[in-house]
1. Contact list please: Cβ distance under 7 Å, first residue in the stretch 94-114 and farther than 28 Å from Thr180 by Cβ and among the polar types (S, T, N, Q), second residue at pLDDT 95 or above and in a strand (DSSP E or B), pairs at least six apart or on different chains.
2. In contact with a Phe, Trp or Tyr (Cβ under 9 Å, 6 or more places away or on another chain), among the β-branched types (Val, Ile, Thr) and surrounded by 19 or more Cβ atoms within 10 Å (Cβ to Cβ) - does that describe any residue in the stretch 231-246?
3. Restricting attention to the stretch 272-291, which residues are more than 15 Å from Asp158 (Cβ to Cβ), out of contact with any helix residue (DSSP H, G or I) (no Cβ under 7 Å at 6 or more places or on another chain) and modelled with pLDDT of 95 or more?
4. Got a number for residues in the stretch 114-150 being in contact with a strand residue (DSSP E or B) (Cβ under 8 Å, 6 or more places away or on another chain) and basic (Lys, Arg)?
5. Going by what's in this entry, would Asp158 be described as acidic (Asp, Glu) and over 18 Å from Asp278 (Cα atoms)?
6. Can you tell which of Asp158, Asp99 is farther than 23 Å from Val254 by Cβ, at pLDDT 95 or above and either of a type outside the set (Val, Ile, Thr) or open to solvent by less than 10 Å² (accessible area, probe 1.4 Å) (or both)?
7. Looking at (1) modelled with pLDDT of 95 or more; (2) outside any helix (DSSP H, G or I); (3) buried (at least 21 other Cβ atoms within 10 Å of the Cβ), can you tell me which one Pro268 breaks?
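The values are calculated or read from the model by the stated rules, or taken from the named source; none is laboratory data. Keep in mind the model is a prediction, meaning the values are calculated, not measured. Please note: Cβ atoms are built from the backbone with ideal geometry, for glycine as well, and neighbour counts cover all protein chains shown. These accessible areas exclude ligands, DNA and RNA; they are computed on the full protein's heavy atoms, side chains included. Shrake-Rupley method; radii C 1.70, N 1.55, O 1.52, S 1.80 Å.
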Amino acid sequence: MRLRTGGGTVRAPLAVPGVLALLALLGACDPGAPQGDAPGSTPQPLLAERPRFDGNAALELVRTQVDFGPRVPGTEGHAAQLAWMLELLREHADTVFTDAFTHTASDGAVLELTNLMASFRPESEHRILVLAHWDTRPTSDQAPDPADRDTPVPGANDGASGTAVLLQLARMMASQPPGTGVDLLFVDGEDYGPGTEDMFLGARRYAEGLSAGEGMGPGRPRFGVLLDMVGDAEPRFPAEGYSTDRAPQVVQRVWGIAARLGYGRYFPLDVVGYVNDDHVPLNDAGIPTINVIDFDYGPENAWWHTPEDTPEKLSTRTLGMVGEVVAELLYQGG
């Protein structure tokens, strides 16, 4: 992902005046009450009892992924993780879809990529999309030591954390089905880089299919939630700029759920920047999609895109918190 304000890539928080409008929107609504579809107008689906989200199990799923090694397209770790995810998802989901495609990168490499989707209640027309990227970056371009910059990123937080939450949600929904249709989308090729022309590849592929009327999965989702960098032991998930601009009702619902569950201090309503990430192509395709993302990973963001992105930096508490918020959204029908 890339954090942007205006035309430049930055890492420092930046105040955004639009936060006042968002605060007014949130303040006018009861965050605990169903707000209807976001942004559609069809009736709410039935509610379902929410099981407990297991943060310890999610962290084990992170460790399994990192143990595969780098999940860079074309590597053994990438192939091993794909096979593992397919086996796990076919065990738990009602339906599993795969979409294999290629991309020729600016360095000439031909990338073999695969998007996966695990669908629950595929007969439901009311669908919610939750997505994360499962690949990892081939270079540690933010490493302070130049000698480390050709090292692939382990991707515990940047890749494995969001994927782990989705996989644990799949286990939950297999034992207790949600009251609405849910599609868990695992996108590939998000972080190849180094520039954005070779990033967000799986999300762009999925969005192009939607725009062409050939979307992957059982139906067009009403809205989406992207999880990226959601495991840091010191979490903070401010409202992201593109999310509040393009999917304010979804932000309203998710941040309201977090507040009601007692996590408001970790989901502040200040908008600190715009992140160019997998949610942008989905918004462009007409699917209001938000990004739940921690802008700072480690002291002064020191572990992002470095060899320090390892499982011991992550917390079962953080993974459990994010998983609980998303599960509440799904089991309450959005």
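1. Close Cβ pairs satisfying both conditions: Thr102/Val110; Thr102/Leu111; Thr102/Glu112; Thr102/Leu113; Thr104/Val110.
2. Checked the stretch 231-246: no residue is in contact with a Phe, Trp or Tyr (Cβ under 9 Å, 6 or more places away or on another chain), among the β-branched types (Val, Ile, Thr) and surrounded by 19 or more Cβ atoms within 10 Å (Cβ to Cβ).
3. Filtering the stretch 272-291 down to residues more than 15 Å from Asp158 (Cβ to Cβ) leaves 272-274, 279-290.
Okay, now just the ones that are also out of contact with any helix residue (DSSP H, G or I) (no Cβ under 7 Å at 6 or more places or on another chain), so 272, 286.
Residue satisfying the conditions is Gly286 alone.
4. So the answer is 2.
5. Values: acidic (Asp, Glu): yes; over 18 Å from Asp278 (Cα atoms): no.
No; evaluated as a whole, the condition is false for this residue.
6. Numbers: Asp158 fails: farther than 23 Å from Val254 by Cβ.
Testing whether each residue is farther than 23 Å from Val254 by Cβ, at pLDDT 95 or above and either of a type outside the set (Val, Ile, Thr) or open to solvent by less than 10 Å² (accessible area, probe 1.4 Å) (or both) leaves just Asp99.
7. Here Pro268 meets the rest and fails (3).
Yes/no matrix, rows are residues, columns are (1) crowded, with 20+ Cβ neighbours inside 10 Å; (2) assigned to a loop (DSSP other than H, G, I, E, B); (3) at positive phi; (4) at pLDDT 95 or above:
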| position | (1), (2), (3), (4) |
| --- | --- |
| Ala33 | no, yes, no, no |
| Ala38 | yes, yes, no, no |
| Gln44 | no, yes, no, no |
| Asn56 | no, no, no, yes |
| Glu91 | no, no, no, yes |
